[in-house]
């Protein structure tokens with residue numbers, strides 16, 4: 001009987017303690033919600049050619065906002081995302097960041113998606129002395145050397161060459177080795193930077209450039225471009241492009257039955273589900289950069305996030321998987337949140353100091369910052385698409401059956417199918 005009394009007493013204390021803890025959490029969250037929010041401002045591509053990627057980044061950020069506020073916010077205050085559509089148009093960006101800082105009076109800023117949108121934002125942000133975390137911006141701080149700039153893009157210290165180095169490494173492993181290369185470049189900030197890196201790689205790997213020309217971003221007919229490349233007869237074709245160009249070039253290569261030994265490199269857009277579904281088997285054989293794939297190794301720390309993302313994607317009208325930008329959108333917002341909590345401040349100088357001095361563990365991997373706000377180590381990959389059938393859908397794109405990671409060695413899942421036409425069949 002005494003034992004039963006003790007058990008009931010312990011259970012009562014345990015229940016009371018649990019209730020008290022739950023009440024404290026509720027009160028803490030409620031108190032945070034009653035305080036002035038920490039306002040975080042940014043532009044994002046929600047319409048235009050970059051919207052397929054920008055929208056999934058935004059959903060990842062919204063999930064971070066929801067989770068953070070559910071835990072009581074940061075520094076005892078809720079967080080609030082304030083954002084505007086940059087329309088995938090760089091000319092809108094300076095005005096957006098001026099409004100965020102001068103009219104909305106945001107506490108902190110984040111960059112939008114992609115190189116072309118981050119480059120025009122940086123001068124505005126620098127003038128105000130704000131810490132700036134960019135999302136998938138290639139080497140935009142090279143000229144500015146702004147000490148409070150931090151990149152979320154796994155290029156490592158060799159920023160420009162990182163997008164195509166893996167292709168050149170794969171070429172060097174073939175027998176006989178390919179010796180000539182063509183460079184097809186969309187005349188835009190990202191693709192110009194990526195192709196600068198390809199030129200460095202061609203020199204490094206002793207390959208002769210036989211074609212090197214730019215095409216306008218508003219190009220709709222890629223036939224003359226591909227015919228000109230074909231006439232130069234390169235072993236390898238490196239394409240540096242944004243989504244509409246990437247899709248147009250893949251379609252044209254197949255329509256003209258063009259078969260170089262390797263083709264791909266730095267083609268933005270092919271990672272998004274909407275473009276994979278549009279192109280289907282035409283992707284077979286293409287070798288292209290990736291920043292994250294749903295391999296078992298990479299999925300482990302991110303699995304819970306993607307469950308949440310994919311449950312919300314339909315209602316939000318965004319990429320149903322979110323593999324290219326959804327996880328990164330969450331990670332870069334969380335990076336800022338970690339820096340606020342770690343520095344116990346929303347002071348830009350203290351946040352920048354925290355980002356500079358620490359290793360950051362995220363659902364998309366771990367990284368630290370070196371000179372110029374770039375990663376100390378590259379995490380860029382090259383994958384090859386293969387065995388994609390007509391009508392392939394989400395069940396295919398959800399996994400790894402249609403793509404093989406070729407580089408780097410620590411992420412490799414298989415070997416290249418070489419030359420291109422073997423996989424393109």
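Every number here is computed from the coordinates shown, using simple stated rules; none is lab data. Since the structure is predicted, the reported quantities are computational estimates derived from the model, not experimental observations. Glycine gets a Cβ as well: all are built from the backbone with ideal geometry, and neighbour counts include every protein chain shown.
Values for this structure:
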{"item": "Nearest 10 degrees, 0 to 90: helix 51-70 Cα axis against the chain principal axis", "result": "20 degrees"}
{"item": "Residues 421, 374, 189 arranged by fewest to most Cβ contacts within 10 Å", "result": "421, 189, 374"}
{"item": "Segment residue 91-residue 66, extension gain: residue separation times 0.36 nm, minus the distance between their alpha carbons", "result": "5.9 nm"}
{"item": "Computed FRET value (nearest 0.05) for residue 232 with residue 36, which takes r as the C-beta separation and R₀ as 51 Å", "result": "0.25"}
{"item": "Gyration tensor verdict on segment 37-93 (Cα atoms; rounded if a/c is under 1.5, prolate if a/b is larger than b/c, oblate otherwise)", "result": "oblate"}
{"item": "Simple spin-label estimate for residue 400 and residue 361 in nanometres, 7 Å along Cα-Cβ", "result": "2.3 nm"}
{"item": "Using alpha-carbon coordinates, inclination of helix 303-316 to the longest axis of the chain, degrees", "result": "80 degrees"}
{"item": "Neighbour-count order for 290, 66, fewest beta carbons within 10 angstrom listed first", "result": "66, 290"}
{"item": "Residue order, fewest to most beta carbons within 10 Å, for 258, 289, 132", "result": "258, 289, 132"}
{"item": "Calculated FRET value between residue 421 and residue 349, using beta carbons and R₀ = 35 Å, to 0.05", "result": "0.05"}
{"item": "Cα gyration tensor, the chain - rounded (a/c under 1.5), prolate or oblate", "result": "prolate"}
{"item": "Folded to 0 to 90 degrees: helix 2-34 orientation relative to the chain principal axis, Cα", "result": "60 degrees"}
{"item": "Centroid-to-centroid separation of segment 358-385 and segment 87-165 [C-alpha atoms, Å]", "result": "17 Å"}
{"item": "Stretchable slack from residue 412 to residue 277, in nm (0.36 nm times residue separation minus alpha-carbon distance)", "result": "46.1 nm"}
{"item": "Mean separation of Cα contacts under 8 Å (6+ apart) over length of the chain, as relative contact order %", "result": "18 percent"}
{"item": "At R0 = 30 Å, FRET efficiency that the Cβ-Cβ distance of residue 102 and residue 341 yields, to 0.05", "result": "0.65"}
{"item": "Shape call, segment 265-319: gyration tensor on alpha carbons, a/c limit 1.5", "result": "oblate"}
{"item": "Of all DSSP beta bridges in the chain, antiparallel share, percent nearest 5", "result": "30 percent"}
{"item": "Separation between Cα centres of segment 394-425 and segment 48-72, rounded to whole Å", "result": "29 Å"}
{"item": "Gain on full stretching of the segment that runs from residue 204 to residue 390 - 0.36 nm per residue minus C-alpha separation", "result": "63.1 nm"}
